Amino acid sequence: MKEQLRKNWSLFLIASLTLGLAPFNPPHIVGKIQWIMGGNAFSGDFAMQPQDWFDVLLHGSPWVLLLISVVLNLFKKK
């Protein structure tokens, strides 16, 4: 599993630049992260709904996989 994560960095990069940023103007994931970091995601009148959390998971997972792959490649044993 670790080897697959390390080898597929290019796939994760393509997924991050397409699915991870869609829609592109402005990137959807940026708005969701700002919503979470602003503190309004958890309570209040404009709290995030389950579909918003799924959206964060869907758009954020390529970025997480890319980050894991880059870290594994930087610290791989020779």
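Each reported figure results from applying straightforward, stated rules to the coordinates on display, with no laboratory input. All values derive from a computational prediction rather than experimental measurement. Here Cβ is always computed from backbone atoms with ideal geometry, including for glycine, and neighbour counts include all displayed protein chains.
Numbers at a glance
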item: Residue, surrounded by the fewest Cβ atoms within 10 Å (Cβ to Cβ), within the range 1-27, restricted to residues that are among the hydrophobic types (A, V, I, L, M, F, W, C) and closer than 17 Å to residue 57 by Cβ; result: 22
item: Residue list for the range 28-74, filter: assigned to a helix (DSSP H, G or I), among the polar types (S, T, N, Q) and loosely packed, with under 13 Cβ neighbours inside 10 Å; result: 34, 51, 73
